[in-house]
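Contents: one structure, followed by commentary.
The values are calculated or read from the model by the stated rules, or taken from the named source; none is laboratory data. Everything quoted here is computed from the prediction, not taken from an experiment. No Cβ is skipped: glycine too gets one built from the backbone with ideal geometry, and neighbour counts run over all protein chains shown.
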Amino acid sequence: MLRAGLLVVALVAAPLRAREPEAAPAIFVDFEQLVDVEREPLAGATRIPATVRPDLGNRQPILPTVQLVPAPDSDNAVVPEDILEDLGEPEATQLMPVPESNESMVPSDILEDLGDWVAPGQQEKKKYPNFALTGLVELDSAWISQSPANVESVGVIDDELAFRRARVAAYGSIVEHLSYILEMDFALAGRPSFVDAFAEWDSIPLLGTVRVGRWRQPFGLESLSSIRGITFLERGEPIALAPFRRTGVGFFNYAKNERVTWALSTFRSTTDQYGNAFGNLGGQGLAGRVTVLPIYKDGGRRLFHLGASYNYMNPGNNTARFFSQPEIFFDELATGGTPQFVDTGNIDSQYYSVFGTEIAGVHGPWSAQAEWIPASVQQTGGPQLFFSGAYAYVSYILTGESRGYDPKLGVFTRVTPTNSFDPKRPLCFGGAWELAARYSYLNLNSENITGGEIQDFTWGVNWYLVTRFRLQFNYIHTLLDRDLNSTANSFALRAQFDF
């Protein structure tokens, strides 16, 4: 009985073993000539749906090859009837035309899964006016030692701990292409004081952007670079000769290849901490700046910058004055703040001119920058005066980053660390580390004016923990020639963050 059963199983299984699965033939249609199955599909091809062979039991079904062929001119498919029968009724494939507008072709159910992502053309129109907040806080601490002669020249300078800047600004757009900013500083005397307060139209032919209000006038490289990104605690000594913030109207623009920038403005020369002008005599100024970028490679990791500026000033009340401190500044009401180390006092003058030259370069982590700013003052009833200031510095970022640069404005921006500081691994000292050294001077001695001469040697260390938070240390050795030759040494720390 058992032998008979095994014989029946063997007789049934033998045909099944002998029958091997057959590979399905390639399905293709050619309207002019046969298409080689190895040939690339032709443009405009129509896809023929693939069907599986009838059920092969437990064996894996083999799918027929699908070949793309040129679409026929008519709706009648030139496919053999026996193949069409096997294919059954294929579902029609609807080809989506290329839209002529920015309307999204993404189905609505997929858009729901994308959450906040909005396809081009489906964005909500911006609502005007709109509004946003930004801010900057700098907390400084300094220890200052003075020679006896320096104490006699400028008085005793107390060690300080104070907010250098505490700014809050509202900015946004009123309508398309018309933006504004209103920035207040709560750390300066006057608390609060206007910093920047202006509105500007962009995309104006030839002029580019037209601005009206109070802002930093177009003069110099370091004076126009944001405090958020400058290398040292304070700008160099020559800033005393620049117009800096004034109230007026001006424009700025750049070349299409972003290798040239230019700017021009006119403004009231004498304003208070709120941007208000005063004085019945004179009080008008003009400033302009041009920059060129002969070399700009690797997104700014290699660049060479040149610039020139000019400022004509008709001082308010026909009185000019220039003064400066060492490259550290406090404005404490209780202590009187940092005294003026050099000061011309009031000079009777109906006009004066200031010239600016600037040069800078970046090569990977290395950076160098210098400016020379001379001023010619036409003294009323006296000889013509000549004052000048300059600085030069070099910096090196130990962690390999480069200083940021904005070619549309011709100014430097902040350093962005490649790897941010990780509070879970504080001993790794992540972020970006920078070393810098600078020499600067300002000479306010000329003819009958003895305002003094100051020289600063500054060494700095910057630790950029994250993009918007950094710690800075500056050691400043100051030489002062004003009645007496004297020295002062300042050790200063700063914690700075912005949002």
Picking from TYR352, TYR391, which residue would you name as being in the same structural domain as GLN217 (by TED's automatic domain parsing), touching a residue at least 60 places away in the same chain (Cβ under 8 Å), surrounded by 20 or more Cβ atoms within 10 Å (Cβ to Cβ) and in contact with a strand residue (DSSP E or B) (Cβ under 8 Å, 6 or more places away or on another chain)?
TYR391
Suppose the filter is modelled with pLDDT of 95 or more and either in a loop (DSSP other than H, G, I, E, B) or within 30 Å of GLY430 (Cβ to Cβ) (or both); does SER395 pass it?
yes
Restricting to region 332-351, name every residue that is assigned to a strand (DSSP E or B) and among the acidic types (Asp, Glu).
ASP343, ASP348
Restricted to region 398-425, and to residues that are outside any loop (DSSP other than H, G, I, E, B) and not hydrophobic (A, V, I, L, M, F, W, C), which residue is nearest to VAL342 (Cα to Cα)?
THR413
Which members of region 280-331 meet the condition of being assigned to a strand (DSSP E or B) and touching a helix residue (DSSP H, G or I) at 6+ places or on another chain (Cβ under 7 Å)?
PHE323, SER324
Take the conditions among the β-branched types (Val, Ile, Thr), closer than 23 Å to GLY300 by Cα, modelled with pLDDT of 95 or more and in contact with a Leu (Cβ under 8 Å, 6 or more places away or on another chain) and apply them to VAL411. Does it pass?
yes
